[in-house]
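Beneath this line is the structure, given in structure tokens, with notes to follow.
The values are calculated or read from the model by the stated rules, or taken from the named source; none is laboratory data. Quantities reported herein were computed from a predicted structural model and do not represent experimental measurements. Glycine gets a Cβ as well: all are built from the backbone with ideal geometry, and neighbour counts include every protein chain shown.
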Amino acid sequence: MNWPKMRRHYFLGMAVNYANGEWFRHLLTVGKRKDYDALSRYLSRKYKGEAMLCKNGRSALALALKAYFEPGDEILVNGFTCYAVYEAVEAAELKPVFVDITKEDLNFSVETLETAIVTGKNVRGIIIQNTLGNPVDIKAIEAFSKEHNLTIIEDLAHCAGVRYKDMREVGTVGAACALSFGKDKAIDTISGGAVVLRDTCKHEIKAPSLLPKLSDHLKARFYPMFGAMSRGLSYIGVGGALMRGLVKIHWVERSADNKLDLERRPSKFEAKLALEQLKRLRRNGEPILRDFCFVHDRDKVLKELQKKGYYFNGFWYEKPVSPTRYYKKVHFPESDCPNAVYVAEHIINIPNYYTRRDLVAANKIIKEFQEEGNGRKG
Ligand SMILES: *Cc1c(COP(=O)(O)O)cnc(C)c1O
């Protein structure tokens, strides 16, 4: 079989899922106040609690933590995560206890939790992340949490719509759940988030009520269009330069730089789009964000991939707490989390929105360098 003459390009991230005209809709969708209400109502019903709409996922998570914990409490956090989670823990004045992961599902397990909890003295809670949409062994984690009297918070940024092995949907188990509607998340409207508080709160939480800043609103409107432009221009080799330029003049914001803000809501049009996406969620436990596998000599693999038109850099995650430019701030306990350190060095993500056929050449290259012990199926 022959490929078309024009070199095809395959990207991971950078608004690629908005390339097929979706960006147009994103630009023109008009949101109304009733879209806030409709989304809140839907979330309250689906997750059986009190829903509040937030500026982003980290703000949602921070509100959940403030509702159920005291400043100074320690909380168990997956040792392979996004800086946004660390920011939320900080904003709630809690201390993170990072727990090592397994290479199979990139989540902590009861075994790694057992090791961590003897170090922590004042551990009161646990954030379940279900990394890249791979669900934790919820029965075991629940039993562990009960035994140690931990309050469970579910972070649905990666996994909204996924079911645990016992068929309960993620977000229906803990005291609260936090959703992100940020770039490349399970629900993606560029920014926005929500928290659903289910159990009786220890501290009263004020729902965010301010509208987003105009600049944030505009960034969310235009990002998919910029993404599509950048992808189009990559055929003549200047797509990357355009994106870098837009980041430089702050028209495009890197996900990790989105500020935590407990007072603001998402834009109305984002609420409208988020509700549409929520209604379409129909998952059955398959990893939904990105496939992954481990390779040795990752830099070399990326170079080989780029030669064939695949740009798969921008991993989840490149450091145990990503991105690299914030990693130092976290003081991550590398010696306690050897698996997380290994995985961050060797992981490569394969975007799920390409077909098998698109990925034939990529898979061949990856296979050559692949290491044992990953969660990839076929
Ligand atoms: C991205 C992310 C969040 C929150 O994201 P926002 O960018 O604040 O919307 C929370 N948890 C995890 C694991 C994430 O990857």
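General remarks:
- Per-region count, the range 343-362, residues surrounded by fewer than 17 Cβ atoms within 10 Å (Cβ to Cβ), part of a helix (DSSP H, G or I) and over 20 Å from the mean Cα position of the chain (by Cα): 1
- Residues being within 16 Å of the ligand (Cβ to nearest atom) and more than 16 Å from His346 (Cβ to Cβ) - total across the range 305-321: 1
- Checking Ile236 against (1) buried (at least 18 other Cβ atoms within 10 Å of the Cβ); (2) farther than 24 Å from Arg325 by Cβ; (3) of a type outside the set (Phe, Trp, Tyr), the condition it does not meet: (1)
- Subset of the range 134-165 [within 13 Å of the ligand (Cβ to nearest atom) and either of a type in the set (D, E, K, R) or assigned by TED's automatic domain parsing to the domain that holds Ile347 (or both)]: Glu154, Asp155
- Cβ-Cβ under 9 Å pairs, at least 6 apart or on other chains, the range 104-119 side more than 9 Å from Phe144 (Cβ to Cβ), far side assigned to a helix (DSSP H, G or I) and modelled with pLDDT under 95: Asp105/Leu132; Leu106/Leu132; Phe108/Ala116
- Taken over the range 48-89, the criterion of being part of a helix (DSSP H, G or I), within 16 Å of the ligand (Cβ to nearest atom) and not aliphatic (A, V, I, L, M) is satisfied by Gly57, Arg58, Ser59, Lys66, Tyr83, Tyr86, Glu87.
- Answer from Thr112, Thr102, Thr131 - the residue that is among the hydroxyl-bearing types (Ser, Thr, Tyr) and near the ligand (Cβ under 10 Å from one of its atoms): Thr131
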